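S.K.: Below is the structure I would like to discuss, written out as structure tokens.
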Amino acid sequence: MLKKLYFSVTHKTPNFPLHLMLWVILLSVPFLDLVTRRDDFDLWLLLRFFIALALFCFNYLVLVPKLLIERKVALYMVTIIPLVLGLSYLSTYWTDFHGPMRNLPPDGDRHFFPSFVMRYLPAFVTFTIHALASTMSRLYIEWNSASKMQMRTQSEKRAAELLFLKAQLNPHFFFNSLNTIFSLSIKQSKQTPEAIMNLSNLMRYMLYETDKDVVRLEDDLQYLSDYIELSKLRLTANNKVNYEINGEPGSIFVPPLLFICFIENAFKHGTAPAKDTEINISFDISPQQIGFRVENTIHKERTAATRSGVGLENTLSRVNLYFPNRNFFSAFQLDGRYIVNLIITL
């Protein structure tokens, strides 16, 4: 479900445990070296460790953000690899010639002195671990920050688009509805109480539900039903409107006001008081999919501006934000009818 998916994606990822685990691993490196060497901890090993920490910070603060994140991968590799190799060589050389003599064999025994490669390996492993750890840590921080920024941007965009849609809908529709209800009241029509109730439901939905990221599909369908009933009051006897829902909304959640733009356009461009027109609105709902279809008679030529108005682009943008790669939209003319199809995979 969208609601479950939305809250799982926006859940914050804690960075502190990751950083703590990373530093525990790094701080344990010299002690692991001490265990493998079975010797007393000395100043030279500590010096190597602090050089490795300096490498970690330099790579984390300078090389990764300035080169790797800027996609200068070749330059980064040309810099970090010689740096690790060079520091490993200098550390081994300094330890061999300036460090204390350790693990000397008893006098007179024949012994094998380790090769330079074997003496070089511990330093190389230490510096490589710190370089890799700093690279992965910085890349993760950057990725996590970019993900949060993207989610925040999308959330702000959704809010702005919804506000625009509400501003576009409210004045245009509610004043017309009030005028219609006023006319009904003068005629003392029996439709007046129901019309007032429908308008009240619409206003309640707009005030209390549309500020949410997602709403129950059942509530949004009821909003559409109230909108259609109010719109029908302004039509004549030769304008027919059919509204059909197949399936159960159940616990499906959708963004508020997701379908209203298509229905509003159908009433705006598909009805004429002096002509026979028909609007068919249908939903086919299953736990896996929402199928939405609107058909209306074309009583005048639809221009490109009509087909791709700001409201329609706004709605389609919201559909793509909430259901990326999980929606199909089509709009076309056929035999004097304008047909809109929207299929959303849940």
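The values are calculated or read from the model by the stated rules, or taken from the named source; none is laboratory data. The shown structure was predicted, so the numbers you read here are calculated from the model rather than taken from an experiment. Note that we place each Cβ from the backbone using ideal geometry, even for glycine, and neighbour counts take in every protein chain shown.
S.K.: Which condition from (1) at pLDDT below 60; (2) surrounded by fewer than 12 Cβ atoms within 10 Å (Cβ to Cβ) is the one that S28 breaks?
M.R.: Exception for S28: condition (1).
S.K.: Looking at the stretch 288-311, can you tell me whether even one residue there is over 17 Å from D220 (Cβ atoms), surrounded by fewer than 14 Cβ atoms within 10 Å (Cβ to Cβ) and at pLDDT 90 or above?
M.R.: Checked the stretch 288-311: at least one residue is over 17 Å from D220 (Cβ atoms), surrounded by fewer than 14 Cβ atoms within 10 Å (Cβ to Cβ) and at pLDDT 90 or above.
S.K.: In the stretch 190-237, which residues are within 19 Å of G250 (Cα to Cα), among the basic types (K, R) and not in a loop (DSSP other than H, G, I, E, B)?
M.R.: Once the filter is applied, which keeps residues that are within 19 Å of G250 (Cα to Cα), among the basic types (K, R) and not in a loop (DSSP other than H, G, I, E, B), the stretch 190-237 yields only R216.
S.K.: With the requirement that a residue be modelled with pLDDT of 85 or more and surrounded by fewer than 21 Cβ atoms within 10 Å (Cβ to Cβ), what does the stretch 52-69 give you? Quick ask: steps written out before the conclusion?
M.R.: From the stretch 52-69, those modelled with pLDDT of 85 or more are 54-69; that's our starting set.
Passing the criteria: A54, C57, F58, Y60, L61, V62, P65, K66, L67, L68, I69.
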